[in-house]
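Quick notes on the structure that follows.
The values are calculated or read from the model by the stated rules, or taken from the named source; none is laboratory data. Every value quoted in this text rests on a predicted model; they were computed, and no experiment measured them. Heads up, the Cβs are rebuilt from the backbone with ideal geometry, glycines too, and the neighbour counts pull from every protein chain shown.
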Amino acid sequence: MADAWLYDGETALRHAVSIRLEGDALRIARADGGTASVPLATLVRREDVAGDAILGRRDLPGWRLILPGGVPADLAAALPAARRYGGVIDRIGLWPAAAAFAVLAGIALALFLNSPPLVARAIPRSIEQRLGELMVGDFGKRGCATPAGDAALAALVQRVDPDDPTIEVSVVRVPIVNAVTLPGGRIVLFDGLVQAARSPDEVAGVIGHEIGHVRHRDVMESLVRQFGLSVLLGGMEGNVGGYTNTLLASAYSRKAEARADDQAIGLLRDARISPAPTAAFFTRLGGKDAKAERMFAYLASHPVSADRARRFTRSLDPGAHYQPTLDAAQWQALRGMCAASPKEENGWRF
Amino acid sequence: MTDDQAEGDSAFVFTGDWREFAPIAFTNLLLTIVTLGIYHFWGKARVRRYLWSNTRFIDDRLEWTGTGLELFIGYLIAIALFFVPFGAINLIVQGVLLRGHAGMAGLIVFCLYIALLYLFGVAIFRALRYRLSRTFWHGIRGGSNDQGFAYGLDYFWRSIVGTLALGLMIPWSMTSLWNRRWNAMSFGPMRFSAEASWGPIFPRFMLFYITPIILLVLVGVVAGAAVGTGALAGISPNTPPSPGIIITFALLGIAFYLVFFGVLGIIAMVYYSAYFREAVGSMRLGELWFAFNARTMDWVKLYLGNFALVVVTIGIGSIFLPYRNWAFFVRHMEAYGSVHLDDMTRSMTRTPGQGEGLLDALDVGAF
């Protein structure tokens, strides 16, 4: 026998009741008359409040039985146990649960962070190409074009990566010193880079680097990773997710950049093109900003220029017979390509 | 049986203690970290259970019955309905931009924002409905039969009209939207009624327009005086300014910036405190009238306190913000009139199945 309060969920009236166990049911007698039997199986324990135990019913949402001062000792075995965190955590305790979660989280994180390369490689090239079409359209396809310039570019690509039909390179009229690999594997050189380069060997190094991205499917991988991270970290509040996302993504992209550099070094060696001009190119690019660049190396997507230059320099083989990538006439044709070709018109091309 | 409550202390009492809340906040933080953020939703439910159960209305405490699972499912639905399509549109916008059609891309982004405005409205309504449907008092809950889609349209056009005429209609759009959503809500068998009007709060809203003008005039007068007294004689267009002058100007600029935004922030609270008093003060439920008694200084103290708490603890203090905000809200709530407990019967409104996912995703407040 114990005294308790009852809300029946039908009206807001509070009833004084006394309860006692009767087989596998709870006998509830109201002080103002009337008794009811509630099967123990329908009872759920809610979180205790200020020392009071509170029971609810699975079948009646507003029904509450409030036991002031907690569950009496004689009922404790029959009634559901108190809950705090809910579910698994109450069953095994806070600290064991936290440890178990941490282990699971570590495994999930490791799987998750290592899956983008696998997922990226599992996506057929044709789908990646269609995705590329959707994202960037024919950007880069409508590049600068002159017969001599096209021939020179083709010769350059053939030197760096002989007889690879999947590689597609174009030059666009953008005055930025950069080159990009687009989703779908198209390599686009910005004219600003061609103008900033002092020799075709420097352009060859850059193209080798971009070919590395194409071979490793780095663009697809980073798309998959970005998508996954944004879904996973969306659950965190505010900027924490955003910062974590940036840090993780840039760590991975630096790894991919370093790998693409290795590929470029290999291609240059096989093609017997000297890596020294490429190294010089990176040193020039680093220039005055080298210090600032190192400070932010953890947030930048590319490895520090000086480090990149050093790796290319290290691959220089003093015994090798290096040959220029293009002759002077071809180099002039490549550099003059954008100036000589007509301006592209803008039109809808989906 | 009648339960009268009119005299004496407020009908709302907050009985929580931050020392009781701290273990909840810290274990939530721990579990959220080790579950890579998934426990966040369960933690939120636990925080609300504590806050609600320490909120006494007349003679008994409130009860929060929402679960972490509901919030989690709501969040997943929001991702499927919201992030995935918006991500796809983002890709298309990029494609359109790269094809050189900035105008078209702008149009798509514009349409996206229009759609967002509508979704914001729906999210605010549905979050309020969800919260009422999970709030129990004496075994009775609240809710609404509206799904919030009509409110979304209302929110959409009233927000746009509000910004017309240099934003002068914002008080009207805020109060009329408050009325719209609360008039659709009920507790037990009774509907809320809200009749907030924009007239009483409009004078304070005018401060947004008058104060910047006064500030600019003041700055003009000070600058004029400086020129007049020859304080700026050291500056001539032909010689480079000395470092002292540059620093003075920089400091003046920073001071102006701080004063300008500090003053704007205070005006915002002057206005908002009046808005919230008017909004809550116009509400009725059966024979109960509500009131909110926080003055501008109370809001300023709340915000400065929150700000200091977060800054001093390098962000960790933010786990106490739900506690501070709720305690502030309850301590300033009042109610007058009476509740007839035998008339207060079970709510017949449909209970929404999932939580405030869209609101979580869009990060807007419900009240």
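Among the residues of region B:24-43, write down those that are more than 10 Å from chain A (Cβ to nearest Cβ) and within 18 Å of residue B:64 (Cβ to Cβ). Explain how you work it out, then say what you get.
Residues of region B:24-43 that are more than 10 Å from chain A (Cβ to nearest Cβ), as a first pass: B:25-26, B:29.
If the condition is that a residue be more than 10 Å from chain A (Cβ to nearest Cβ) and within 18 Å of residue B:64 (Cβ to Cβ), then B:25 is the only one that fits.
For region B:104-150, name all the residues that are without any contact (Cβ under 8 Å) to a residue 60 or more places away in the chain and within 11 Å of chain A (Cβ to nearest Cβ).
Result: B:104, B:139.
Return a yes/no flag: does region A:69-91 have any residue that is of a type in the set (A, V, I, L, M, F, W, C), within 9 Å of chain B (Cβ to nearest Cβ) and under 44 Å from the mean Cα position of the chain (by Cα).
Yes, region A:69-91 contains at least one residue that is of a type in the set (A, V, I, L, M, F, W, C), within 9 Å of chain B (Cβ to nearest Cβ) and under 44 Å from the mean Cα position of the chain (by Cα).
Hey, does region A:64-71 have a residue that's out of contact with any Gly (no Cβ under 7 Å at 6 or more places or on another chain), at pLDDT 90 or above and basic (Lys, Arg)?
no
Kindly provide the set of residues from region B:110-125 that are among the aliphatic types (A, V, I, L, M) and in contact with a Gly (Cβ under 6 Å, 6 or more places away or on another chain), ordered by number.
B:122
Looking at (1) surrounded by fewer than 16 Cβ atoms within 10 Å (Cβ to Cβ); (2) assigned to a loop (DSSP other than H, G, I, E, B); (3) of a type in the set (A, V, I, L, M, F, W, C), which is the one condition that is false for residue A:16?
(2)
Please give the number of the condition residue B:59 fails out of (1) closer than 30 Å to residue B:339 by Cβ; (2) touching a residue at least 24 places away in the same chain (Cβ under 8 Å); (3) within 28 Å of the chain's Cα centre (by Cα).
For residue B:59, the exception is condition (3).
Among helices (runs of 4 or more DSSP H) lying entirely in region A:35-147, which contain 1 or more residues that are farther than 22 Å from residue B:42 by Cα?
In region A:35-147, the matching helices (runs of 4 or more DSSP H) lie at A:73-76, A:94-122, A:125-136.
Every residue, every condition in (1) of a type in the set (Gly, Ala, Ser); (2) closer than 24 Å to residue B:60 by Cα; (3) crowded, with 17+ Cβ neighbours inside 10 Å, yes or no:
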| residue | (1), (2), (3) |
| --- | --- |
| A:32 | no, yes, no |
| A:44 | no, yes, no |
| A:50 | yes, yes, no |
| A:54 | no, yes, yes |
| A:63 | no, yes, yes |
| A:67 | no, yes, yes |
| A:70 | yes, yes, no |
| A:74 | no, no, no |
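Note down all Cβ pairs under 6 Å where the first residue falls in region B:315-337 and is under 17 Å from residue B:50 (Cα atoms), the second is of a type in the set (A, V, I, L, M, F, W, C) and assigned to a strand (DSSP E or B), and they're at least six residues apart or on different chains.
The qualifying pairs are B:327/B:14; B:330/B:12; B:330/B:14; B:331/B:14.
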